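Written out below as structure tokens is the structure these notes cover.
The values are calculated or read from the model by the stated rules, or taken from the named source; none is laboratory data. Only a predicted model underlies this, so the values are computations on that prediction, with no experimental measurement involved. Cβ sites come from the backbone with ideal geometry, for glycine too, and all protein chains shown count toward neighbours. These accessible areas exclude ligands, DNA and RNA; they are computed on the full protein's heavy atoms, side chains included. Shrake-Rupley method; radii C 1.70, N 1.55, O 1.52, S 1.80 Å.
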Amino acid sequence: MSKTTRPPKASEFELHADEIVDAAVEIFQEGGLDAVSMRSVSTRLGVSPVPLYSRVGNRDALVDAIADRLLEDLAPPSNDDETWNDYALRWTRELRARLGEARDSRLIVWHGREAYVEASRPLIKAMRRDGFASDAAVQACRLLTWATVGFGAVESGVEPPSRRRPRARPGGDPGGVDQADTDALFDLYIRYLIEGIGRDIAPVPPPTRKSKRA
């Protein structure tokens, strides 16, 4: 038995869906998404592939479960004294960081993942509190989510420059970008989007709150 294979269970009926997802996440982190299959997971667990299909479904369902596990509890806690644009910047930074852990764009680009829906709730609440109509808040949150997910998908394939050329602007080197450039480009990208949302939607903050620039 290899060191990565768990001892076989006395009965395959003891196998739980969470255990299957745990094993699949381990394999993904070790070898990437292409290493994840029903057979590789069943081997890791010391069972036949048959119970995996009854517990989690097919491989597509297993990939969805990996994504949901890696992206669960995405949203950072919000503060009641924090304006929506401050929270939105913090929210997108946290989302980007978690997408970096998932790494593979095939796990992150599907905008309908339940993890994104759940993560959007506190951001929408912050927007509603600062005067957004419900549909405007959902629209703005969707724009921020798609922008961050798209940035993360592109970022996963970025190569650093072979040699560094001095540039006044982050990301201005045609030869590539380093991590500092990427971080600066992301913040600039999101700030432009937040400012555009603020202009187009024009929420009216309650009189007792002072809006700060993100």
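HN-Hα J couplings of segment 81-86 from phi, Karplus 6.51/-1.76/1.60, θ = phi - 60°, integer Hz, Gly and Pro as x?
Running phi through 6.51 cos²θ - 1.76 cosθ + 1.60 with θ = phi - 60° gives 8, 9, 5, 4, 6, 5 Hz.
Given a Förster distance of 41 angstrom, what is the FRET efficiency for Arg39 paired with Val117, based on the Cβ-Cβ distance and rounded to 0.05? Before the final figure, lay out the partial values.
Details: r = 32 Å, r/R0 = 0.77.
The formula returns an efficiency of 0.85 here.
Taking all protein chains together and a probe of 1.4 Å, list Leu193, Leu143, Leu15 from the most accessible to the least accessible. Numbers along the way, then the final one.
Values: Leu193 40, Leu143 80, Leu15 5 Å².
Solvent-accessible surface, decreasing: Leu143, Leu193, Leu15.
List the residues whose amide H sits under 5 Å from the amide H of Thr83, counting only those 5 or more places along or on another chain, with H placed 1.01 Å from N in the peptide plane.
Under 5 Å from the amide H of Thr83: Lys212.
Would you calculate the separation in nanometres between label points at Glu26 and Asn58, each defined as 7 Å from the Cα along the Cα-to-beta-carbon direction?
Placing both labels 7 Å beyond Cα along the Cβ direction yields 2.7 nm.
Starting from the amide H of Gly46, placed 1.01 Å from N in the peptide plane, find each other amide H under 5 Å away whose residue is 5 or more places distant or on another chain.
The list, which skips near neighbours in sequence, is Arg6.
For segment 16-71, with the dipole built from +1 on Lys and Arg beta-carbon atoms and -1 on Asp and Glu ones, taken about the Cα centre, which of Ala65, Pro49, Ser37 lies farthest toward the positive end?
The residue sitting farthest along the positive end of the dipole is Pro49.
Which length gain, in nm to one decimal place, applies between Val154 and Tyr192 when the Cα-Cα distance is subtracted from 0.36 nm times their residue separation? Intermediate values should be presented prior to the final figure.
Working: separation 38, 0.36 × 38 = 13.68 nm, distance 1.83 nm.
Gain in length upon complete extension: 11.9 nm.
Along Cα→Cβ, 7 Å out, is where each label goes; now give me the distance between the ones at Arg199 and Val50 in nm to one decimal.
Distance between label points: 6.4 nm.
Through the Karplus equation 6.51 cos²θ - 1.76 cosθ + 1.60, θ set to phi - 60°, convert the phi angles of segment 127-140 into ³J(HN,Hα) values in whole Hz; use x for Gly and Pro.
Values, residue by residue: 5, 4, 5, 9, x, 6, 5, 4, 5, 5, 5, 5, 4, 5 Hz.
Show me, for segment 35-48, the HN-Hα J-couplings you get by feeding each phi into the Karplus relation (A = 6.51, B = -1.76, C = 1.60, θ = phi - 60°), rounded to Hz, glycine and proline as x.
With the stated coefficients, segment 35-48 comes to 7, 8, 8, 4, 6, 5, 5, 5, 5, 4, 8, x, 10, 7 Hz.
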